[in-house]
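Input: a single structure, listed below in structure tokens.
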Amino acid sequence: MSELGIITRTILPATVPFDLARTLRAVKDFRPGQGDIALDPGHWVRRVFPHPSDPGAAIAAEVAARDDGAPGVGLTLFSEEPLRGPDLDAARARVAAWLGLDDDLTELLERAAADPAMEPLLAVARGLHMVRFPTLAEGVVYYALAQNSTPWYATLIKRRLAAHLGVTVTAGGDEFAALPQLPRLAELTPFELVPFVGGRPRADRVASIIGGVAALDEELLRTGPYEQARAALLAVRGIGEYTAQSLLLRALGRPDAVPLEQAQHGHTVQAVYGKRGGPSPDELRDRYGPWIGWWAYLCRTALSWLEEDRRQLERARRRTPAPRRPRPVPGSTRPRSKRPPAPWSPNDPGRAAAADGLEVHGGPAAAVGGAAG
């Protein structure tokens, strides 16, 4: 295990609007990254990245607010050797891509502002940029493992692969394991993957997806024509429409398309527009154009935050004790009963004595004794 003791400080600008607190909240909620970060909510986040040029090393990045208050983040990089020149530029670019700092949301927000159903969502998510996988390798491994499985399983196995195959380092007192890049992962045979994924058929599929994507041009996937990048991913054995579009959106940051016909997106549309009368997938694509992926991300994130805030408020209300009636102060006079007095009877010695002007201090015996005195 290496201690990353060399510190490099710099800043990263962000395209406005940008809200660091909301971005950090999104990082905390990003399920595939849970367990890979150290976080002080609302203040800073720290995680590990593969070294830009050395496959056998790793760096760590801490993101916090800028001292000058300008849009963007203050970036602290931890490394074994000083980061300079191309390595420093590559590290800065990787962190900026992870948090979507360069995403220009202007057109999306203008279209959303004209959509009345989006008003409550924009109120809680304005300034949020889309958080994505820190590397393409992490996205590929996660979505390959998530096929016919669950998110928590894919997250667990991804972390296990990082711990056994990657570089383990400490930075700022926290321990991290960096998942290797695609070329290293592509060297793994299905036989070597079986202990991690639990079966030969799944190992065959995971190895096929990793090797297939590793053979592609990552620059083409990131910046080439969207349909060309999508077609390249779909040509990989084991990758279908959902996995391809998920990789393009959440690993490569390309918002051009999203599978709105999938059930999870259908639930999102119903939550935003209601179960009846909402727009169809094609109408939403026409409305939000090449920013439909960011629209879907904003909606799902904002809806989850609204629900989380509602539950926290409900828990706070349940913890608040109901107001209690004040207890009487010792020695104070209790209020008289409002019950009407019982009718007088000559057989009641107490009432008979009171009617004769005698003082009564007890029950029937006292009343009789007083009358005899």
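Quick look at the values:
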quantity	calculated
Residue within the range 239-247 that is touching a residue at least 12 places away in the same chain (Cβ under 8 Å), surrounded by 13 or more Cβ atoms within 10 Å (Cβ to Cβ) and over 29 Å from ARG111 (Cα atoms) present	yes
Members of the range 256-269 that are more than 21 Å from the chain's Cα centre (by Cα) and without any contact (Cβ under 8 Å) to a residue 12 or more places away in the chain	none
Pick from the range 12-47, criterion in a strand (DSSP E or B) and touching a helix residue (DSSP H, G or I) at 6+ places or on another chain (Cβ under 9 Å), ranking: surrounded by the most Cβ atoms within 10 Å (Cβ to Cβ)	VAL45
Any pair with Cβ under 9 angstrom, 6 or more apart, that starts in the range 24-36 at a residue that is more than 18 Å from LEU298 (Cβ to Cβ) and ends at one that is in a loop (DSSP other than H, G, I, E, B)	PRO32/PHE133; GLY33/VAL131; GLY33/PHE133; GLY33/PRO134; ASP36/PRO134; ASP36/LEU179
Complete set of residues in the range 183-204 that are of a type outside the set (A, V, I, L, M) and under 15 Å from LYS158 (Cα atoms)	ARG184, GLU192, PRO195, PHE196, GLY198, ARG202
Helices (runs of 4 or more DSSP H) wholly inside the range 181-238 that include at least 3 residues being aromatic (Phe, Trp, Tyr), within 22 Å of ASN148 (Cβ to Cβ) and at pLDDT below 95	none
Residue in the range 281-293 that is under 21 Å from the mean Cα position of the chain (by Cα), under 16 Å from PRO116 (Cα atoms) and surrounded by 11 or more Cβ atoms within 10 Å (Cβ to Cβ) present	no
Filtered residue count, the range 99-129, keeping only those that are surrounded by fewer than 21 Cβ atoms within 10 Å (Cβ to Cβ), within 19 Å of the chain's Cα centre (by Cα) and more than 14 Å from PHE18 (Cα to Cα)	1
VAL45 among the aliphatic types (A, V, I, L, M), at pLDDT 95 or above and touching an Asp or Glu at 6+ places or on another chain (Cβ under 8 Å)	yes
Residue count for the range 294-309, restricted to those that are buried (at least 16 other Cβ atoms within 10 Å of the Cβ) and among the charged types (D, E, K, R)	1
Test: GLY72 is touching a residue at least 12 places away in the same chain (Cβ under 8 Å), surrounded by 20 or more Cβ atoms within 10 Å (Cβ to Cβ) and either out of contact with any strand residue (DSSP E or B) (no Cβ under 7 Å at 6 or more places or on another chain) or among the charged types (D, E, K, R) (or both)	no
Exclusive hit being in contact with a Gly (Cβ under 7 Å, 6 or more places away or on another chain) and surrounded by fewer than 20 Cβ atoms within 10 Å (Cβ to Cβ), set ALA257, ALA251, ALA271	ALA257
Contacts under 7 angstrom Cβ, first residue in the range 126-139 being within 17 Å of GLU110 (Cβ to Cβ), partner at pLDDT 95 or above and basic (Lys, Arg), 6 or more apart	GLY127/ARG22; LEU128/ARG22
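The values are calculated or read from the model by the stated rules, or taken from the named source; none is laboratory data. Predicted, not measured: the structure shown is a model, and the values here were computed from it. Cβ coordinates were reconstructed from backbone atoms using ideal geometry, including for glycine residues, and neighbour counts include every protein chain displayed.
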